[in-house]
Structures are given as C-alpha cells and as structure tokens.
Amino acid sequence: LFGRINSPVFPQLKKILDAKNDLSVQGHPDDEYAMHVENELGKTECWYILDCEEGAELIFGHTSRTRKELEEMIQRGNWDSLLTRVSIRPGDFFYVPSGTIHALCKGTLVLETQQSSDTTYRVYDYDRVDDEGKKRDLHIESSIKVAMVPHVGTRVHPTVQEEENLTITHYVDSTFFTVEKWDVHGESGKKLPGFTLVSILTGEGTMNDLPIKKGDHFILTEAKDTVKLE
C-alpha cells in the first residue's frame, strides 16, 4: 500500500496549526543527528499559509555568521537582532529544512507537512511563565549544535502546470516529500507517483466517485496509480 518504504515509521505527518499566540522559537535536527541522539527521524517540514491576520509574520532564520556568534547572541538574549522576521500572506509557502531556526507567530493558520518526528529543540519562549510562575524548558545546547549557520534561506519558486480541468502548482520536491496544490475545475484525472496524502483546502467534489469537501484529510495508497477528480 505504501511502496515498501524504507522507514521505521510512517514517514510523514500532516497538521493544521492555528497559532493564537506566538509559538516558541525552535530548531530541528537532521536524520543523522536525531537517530544518533534521539533514536528518531529528523524533522524537515514545510508550511502552506492557509490564512493569517493582516500584517502577520513568522520567524525564518537568523543573522549570526558563525556558531560562536549564534551562541553569544543567544546568551545575551539579543533576540531582536538575531531572529529574522518575514511578512506573510495567505497562499505563501515555506520550505523549512532541518537546522532552520523558525517560529510561527500570532494570527497564523498553517497546513504543515513534516517528517514523522516529535524531536524539537526550543531556543526561546519569550520568557513566558505558566500559572505557577515556571518557564518552559529550553534546549539551548542542542539547538546551537543542530542550527544551520549561517542561515541559508531555501527559496521556493512554484511552477504551474495546466492539465485538463486541472491546475497543478508544484512547490517542492525533496528527499522527504513532494508538495503540490491541485485546483480542480471540472472532471479530470491525475497519475499518482506513489501513495499520496491529501488535504481539501476549499470547495467540494468527488475523488474516485467518493464525496469530498473542505476539511477532509486522507491517504491515497498505491492500490491505484491514478485518481479520478471532479
């Protein structure tokens, strides 16, 4: 059903993240580090911005040029100078490879595709405290070890392909996942490269004659190599 993939777990997670407040600033390890230290997969992910407040932004990368400089800026708490903020709008797409220091900010609704891993190193949590006055645990040493230094932004250049009653926007094709958006306007068919995770972002219709609508999420297995869309 899943192409006999060489993975200790199902390799992907899909999430909808609704950031009511600024989320903690994080970094994730790659496969080699995560398997050696955490006995887990690494964590490369990507975000499709479903919706956001006007003026919303996210944290994507940092300004330090060396690991020593990164460590010093973190120790001094020089966050405004260290963290790179990027303005966003609905429909934007970000590829977030392991090692990227990043965070979603308040007022952002995101569809996330990621490697199937819970390994997260928290760099900064805005010095927030809980009801008992306690701060959340940070993982500064691990974050510095796995961080991409200097930060190299992975620019995404979407390409658009027109097929019969189907517009395909191709965002990324990496070792870990391929992400596309399909805009269906009529009857169409699509050849599948392998098992495919699907999230319906808007509208309604049918897939292989089964009804689908906004908010549905499912997997197309390799039992069929094509899918019928309407």
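The values are calculated or read from the model by the stated rules, or taken from the named source; none is laboratory data. Because the structure is a prediction, the values reported are computed rather than measured. Please note: Cβ atoms are built from the backbone with ideal geometry, for glycine as well, and neighbour counts cover all protein chains shown. To get the accessible areas, we keep the full protein, side chains included, count just its heavy atoms, and leave off ligands, DNA and RNA. Shrake-Rupley method; radii C 1.70, N 1.55, O 1.52, S 1.80 Å.
Along the axis of the charge dipole computed for the stretch 142-230 (Cβ charges of +1 for Lys and Arg, -1 for Asp and Glu, origin at the Cα centre), the listed residues His217, His151, Ile200 are led at the positive end by His151. Between the amide H of Ala56 and those of Ile88, distances stay under 5 Å, these residues lying 5 or more places away or on another chain, with hydrogens modeled in the peptide plane.
Scalar couplings 3J(HN,Hα) for the stretch 14-20, obtained by applying the Karplus form with A = 6.51, B = -1.76, C = 1.60 to θ = phi - 60°, are 10, 9, 10, 10, 10, 7, 6 Hz; x denotes Gly and Pro.
Less than 11 Å Cβ to Cβ from Asp183, Lys/Arg counted +1 and Asp/Glu -1: what total charge do the surrounding residues give? In short, -2.
Remark: the stretch 185-193, residue by residue, has Karplus-estimated 3J(HN,Hα) of 9, x, 8, 7, x, 9, 7, 9, x Hz, where x stands for each Gly or Pro and the curve is 6.51 cos²θ - 1.76 cosθ + 1.60 at θ = phi - 60°.
With each label modelled as a point 7 angstrom along the Cα→C-beta vector, the Ile140-Leu1 pair spans 4.7 nm. Solvent exposure of the stretch 84-230 amounts to 57 Å² per residue of accessible area, where only protein heavy atoms count and the probe is 1.4 Å. Carbon-plus-sulfur accessible fraction, the chain (probe radius 1.4 Å, protein heavy atoms only): 47%. Classify the stretch 1-126: rounded, prolate or oblate, from the alpha-carbon gyration tensor (a ≥ b ≥ c, eigenvalue square roots; a/c under 1.5 rounded; otherwise prolate if a/b is larger than b/c)? Judged from the Cα gyration tensor, the stretch 1-126 comes out oblate (a/c at least 1.5, b/c at or above a/b).
Residues whose amide H lies under 5 Å from that of Leu192, counting only those 5 or more places away or on a different chain, are Thr226, Val227; hydrogens are built 1.01 Å from N in the peptide plane.
A Förster radius of 25 Å, combined with the Cβ-Cβ distance separating Thr175 from Lys214, puts the computed FRET efficiency at roughly 0.25. Between helix 67-76 and the chain there is an angle of about 70 degrees, using the helix long axis and the longest principal axis of the Cα atoms.
For Lys181, a cut-off of 21 angstrom between C-alpha atoms picks up these lysines, skipping any fewer than 8 places away in its own chain: Lys14, Lys15, Lys190, Lys191, Lys213, Lys214, Lys224, Lys228.
Distance from the Cα centroid of the stretch 137-214 to that of the stretch 1-49 is 15 Å (rounded to whole angstrom).
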